[in-house]
1. Looking at ASP192, is it open to solvent by 50 Å² or more (accessible area, probe 1.4 Å), over 18 Å from the mean Cα position of the chain (by Cα) and not assigned by the TED database to the domain that holds THR114?
2. Working only within the range 60-77, note down all residues that are assigned to a loop (DSSP other than H, G, I, E, B), touching a residue at least 24 places away in the same chain (Cβ under 8 Å) and within 21 Å of PHE135 (Cα to Cα).
3. From the list VAL116, VAL158, which residue is of a type in the set (A, V, I, L, M) and either modelled with pLDDT under 90 or buried (at least 19 other Cβ atoms within 10 Å of the Cβ) (or both)?
4. Determine whether VAL179 is at pLDDT 90 or above, of a type outside the set (D, E, K, R) and within 30 Å of GLY82 (Cα to Cα).
5. Mind checking which residues of the range 222-254 are more than 14 Å from ASN210 (Cα to Cα) and part of a loop (DSSP other than H, G, I, E, B)?
6. Picking from ASN222, ASN242, ASN210, which residue would you name as being polar (S, T, N, Q), open to solvent by 20 Å² or more (accessible area, probe 1.4 Å) and within 19 Å of the chain's Cα centre (by Cα)?
7. What number of residues within the range 79-109 are of a type in the set (Phe, Trp, Tyr) and in contact with a Gly (Cβ under 9 Å, 6 or more places away or on another chain)?
Amino acid sequence: MCTKGTHHLSPTSILVASASGVVNDGNAKVGHEKLQNNGYVVFNRPWAFVQWLEKATFEEEYILMAEPDHVFVRPLPNLAHGGYPTAFPFFYIKPAENEKLIRKFYLEEKGPVTNVDPIGNSPVIIKKSMLEKKFPTWMNVSISMKNDPEIDKTFGWVLEMYGYVVASALHGPPWDLEVGKNFIIHYTYGCDYSLKGKLTYGKIGEWCFNKRSYLRGPPPRNLSLPPPGVPKSVVMLVTKVNEATANIPGWDTF
């Protein structure tokens, strides 16, 4: 999967959203109410960003939110167009099909439910000034959704993604739709193929690369490349992982 958005040629500096030396309180909270041991660790994402913007100091106008499983295959320009952020469309985020639940937060007077975009919070390029308005809403909506049994059951693990898209719709503006080329591979699912290069979806392949195989430690250097016939994107993914591990000092000691 790759980022989509309108190509913006202006040379605006972008800050990659990371810890930036700021240590955050790991407990998501609203006011004085802390949510601990709720089994949904993803709350720490919006809560960490709220704290980060409060504590961190930086001059960049735009922020890129990305994750460890986003592999850059070529340099990423600033795809945001002025006040229009750039985001990725996720096929499993379906606001229109869950209108009853979305309307609990995005009321009818706000506009059609199609204003709630089927995106996620990462990868996203967005103005810092927009994030400062959006992040508290993202956190509060996400926690309110978690406290609603029907929404919690329906949205499950991607609940805070729905919190983000509702916050985005409430604060606007929408995201742009297209960009001519791709910049990021997001390796969400396992890559399973036979030795003849055939996808074995739902079954561990004779050749396999799955990030979940390395929950207890990093992947080794020099992963075997996919067999002939596997899509170029998979070959690029493994090549980039090998390139990174070969150039990170002390990788074998992690």
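The values are calculated or read from the model by the stated rules, or taken from the named source; none is laboratory data. Worth saying up front: this structure is predicted, and the values here are computed from it rather than measured. Quick reminder, even Gly has a Cβ in these numbers, built from the backbone with ideal geometry, and neighbours come from all protein chains shown. Surface areas here come from the heavy atoms of the whole protein model, side chains and all, with no ligands, DNA or RNA. Shrake-Rupley method; radii C 1.70, N 1.55, O 1.52, S 1.80 Å.
1. Details: open to solvent by 50 Å² or more (accessible area, probe 1.4 Å): no; over 18 Å from the mean Cα position of the chain (by Cα): yes; not assigned by the TED database to the domain that holds THR114: yes.
In short, no.
2. Within the range 60-77, GLU60, GLU61, ALA66, GLU67 meet the criteria.
3. VAL116
4. Working: at pLDDT 90 or above: no; of a type outside the set (D, E, K, R): yes; within 30 Å of GLY82 (Cα to Cα): yes.
Criteria not met by VAL179.
5. Residues satisfying the conditions are ASN222, PRO227, PRO228, GLY229, VAL230, PRO231, ILE248, PRO249, GLY250, PHE254.
6. Details: ASN222 fails: within 19 Å of the chain's Cα centre (by Cα); ASN242 fails: within 19 Å of the chain's Cα centre (by Cα).
So the residue among ASN222, ASN242, ASN210 that is polar (S, T, N, Q), open to solvent by 20 Å² or more (accessible area, probe 1.4 Å) and within 19 Å of the chain's Cα centre (by Cα) is ASN210.
7. From the range 79-109, those of a type in the set (Phe, Trp, Tyr) are 84, 88, 90-92, 105-106; that's our starting set.
Subset that is in contact with a Gly (Cβ under 9 Å, 6 or more places away or on another chain): 84, 88, 90, 105.
Qualifying residue count, the range 79-109: 4.
Yes/no matrix, rows are residues, columns are (1) within 18 Å of ASN44 (Cα to Cα); (2) in contact (Cβ under 8 Å) with a residue 40 or more places away in the chain:
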position	(1), (2)
GLU97	no, no
ILE126	no, yes
GLU150	no, yes
GLY163	yes, yes
